[in-house]
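Working notes, beginning with the structure itself.
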Amino acid sequence: MKNLQISAAVCAALLGSSGAFALNQAQTAAAPLQLVVAGSSAARDTFQTEFAALCQAGTVNNYRVDVNNAPDFRAYSCTLNNAAPVPAAIRNTNTTIYYRSEGGSVWGPGAIGGSKSIKRLLVDGTCSLVAAPGFGICTATYTLDTDAATGHLTNSLVDLGVADEEPGMFRGENWFGGALGDEPAPGALEALPNSPGFGQVFGILVNNSVPLTSISKQDVASIFAGVYTNWNQVQDASGNPLASGDITVCRREAGSGTQNSAAIYFLAQNCGVSSTPFVTGGDTNTGPFGNPVFTNASTSSLETCVGGHTGSIGMNVFKSPAANASTKYIAIDGVAPSKVAAAQGKYAYWMESSFAKRNGLSANQTALADFLIGRAQSHTTISGTSASAFALPNISDNAAVLPVAGSGVPTAVATKSGNTCNVPVGQN
């Protein structure tokens with residue numbers, strides 16, 4: 001009997017060390033390999049899917065701040081696979097990735113460039129435990145302007161910054177300020193080492209009450225500049241003005257990559273030419289000519305804003321179907337958003353994501369970060385379920401192929417070569 005008891009104990013220990021079970025709160029917090037990631041909310045779900053693909057079956061657990069409290073801080077934990085393609089040094093390792101998308105893209109490269117500690121999720125035994133793909137809940141309160149919090153949030157340096165554009169695009173009104181401090185000196189963000197990732201499609205999201213299937217780029221620019229404030233200033237496909245009604249603009253906060261994408265594409269910001277400021281609502285949520293303008297701190301809150309206001313419009317990463325049933329994406333100048341249309345060069349409202357690593361990472365952190373970046377670059381490992389992500393040519397193992405694939409993960413025929421302001425150029 002004693003020998004049987006000993007054998008049972010040994011088996012239990014082996015099972016526990018093999019990662020056969022999902023990591024609980026204590027194991028998540030104490031994982032020997034941890035990586036703090038901050039930035040793009042548009043890339044958040046794709047990142048979660050890619051990380052889960054590296055994990056041993058049944059070992060994944062996810063945590064986040066209570067959705068009722070709005071701030072978007074998450075943690076993903078698991079035991080990494082014990083085989084290729086996971087790098088040998090980190091196989092079979094309990095691993096936790098903290099992903100902060102609160103505030104958007106600038107919080108990744110901005111914090112790394114300024115060597116600033118910022119808030120990330122804190123997982124402990126008082127967080128609830130829910131089987132993946134659900135989320136255990138960790139309670140917290142949070143203020144974006146000051147990065148101040150109570151509850152399950154703590155300060156940490158950022159190890160990997162994920163942004164919807166290269167770091168140098170977060171200038172002027174697209175620098176957050178606040179807890180990130182003053183805008184870095186000229187050249188500082190531009191000099192931050194970064195790697196291109198994947199192409200990402202953005203779209204114009206409107207409330208279902210807006211009777212449009214397509215809108216001109218010029219009309220969107222006028223709306224986002226605050227010049228058009230009533231839908232009767234916009235024409236339908238037949239050239240007739242729409243019925244009168246306030247245009248409600250749902251925008252993102254300064255520093256959001258999604259917000260930056262619209263400011264760049266529609267208003268020419270940060271590209272060395274004359275540009276127009278994006279309309280703001282200030283403390284009153286009202287634009288300069290009286291129409292409603294709401295600022296949102298995450299993708300999900302923007303989707304809620306557009307879904308909850310008649311006559312509303314905003315910019316968002318493209319999703320199919322739209323995440324909020326009260327919203328829809330509309331074409332721009334007759335071209336509907338899709339990753340295939342973007343890869344073919346037909347749909348132009350897309351950006352190239354970027355990844356920036358902090359100096360001083362451990363060897364295992366570097367191995368994990370480089371592995372994740374590589375997966376984000378390769379057409380063979382970009383999530384095929386993403387409606388917005390496509391591969392860029394001539395990085396990783398990607399080659400531009402004609403005709404462009406109509407499903408899965410297409411590779412674009414052209415790239416901006418890591419410079420958002422460039423006109424896409426075809427690659428061999």
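Only the coordinates and a few stated rules stand behind these numbers; no lab work does. This is a predicted model, so every value here is computed, not measured. Cβ atoms come from the backbone with ideal geometry, glycine included; neighbour counts cover every protein chain shown.
If R0 is 30 Å, the Cβ-Cβ spacing of residue 53 and residue 157 corresponds to a FRET efficiency of close to 0.70. What separates the Cα centres of the range 252-288 and the range 233-251 is a distance of 20 Å.
What FRET efficiency do you get for residue 407 and residue 325 if R0 is 25 Å and r is their Cβ-Cβ distance, rounded to the nearest 0.05?
Details: r = 25 Å, r/R0 = 0.99.
That pair, residue 407 with residue 325, gives E of 0.50.
Taking Kirkwood radius over Cα pairs in Å as the quantity of interest, determine which of [x] 30.4; [y] 22.3; [z] 23.9 was computed from the displayed structure. Correct label is [y]. Counting 0.36 nm for each residue step from residue 116 to residue 286 and taking away their Cα separation leaves a gain of 57.9 nm. With a 10 Å cut-off between alpha carbons and a GNM built on the chain, which of 226, 161, 290 moves the most? Its mean-square fluctuation being the largest, the pick is 290.
Would you calculate a helix-derived [θ] at 222 nm for the chain, using -39,500 (n - 2.57) for each DSSP H run of n ≥ 4 and dividing by the full residue count, to the nearest 500? Let's see the in-between values first.
Details: 9 runs with 86 residues, N = 428.
Calculated from helices alone, the mean residue ellipticity at 222 nm is -6000 deg cm²/dmol.
What is the percent of Cα-Cα separations in the range 200-344 that go past 28 Å?
Working: 1037 of 10440 pairs.
Cα-Cα pairs in the range 200-344 separated by more than 28 Å: 10 percent.
Couplings 3J(HN,Hα) for the range 159-174, derived from phi with the Karplus relation 6.51 cos²θ - 1.76 cosθ + 1.60 (θ = phi - 60°), are 8, 9, x, 10, 9, 7, 9, 5, x, x, 7, 8, 10, x, 5, 9 Hz, where x marks Gly and Pro. Structure note, pairs 119/319; 217/319; 339/416: Cα-Cα distances above 18 angstrom occur for 119/319; 217/319. Working from label points 7 Å from Cα in the Cα-to-Cβ sense, the residue 276 to residue 422 distance is 2.9 nm.
The label-point distance for residue 333 and residue 238, in a model that sets each label 7 Å from Cα toward Cβ, rounds to 2.5 nm. Between 41, 354, 362, the GNM of the chain built on Cα springs shorter than 10 angstrom shows 362 fluctuating the most. Listed by chain and number, the aspartates and glutamates whose C-alpha is less than 15 Å from the C-alpha of residue 346, apart from same-chain residues fewer than 8 away, are 333.
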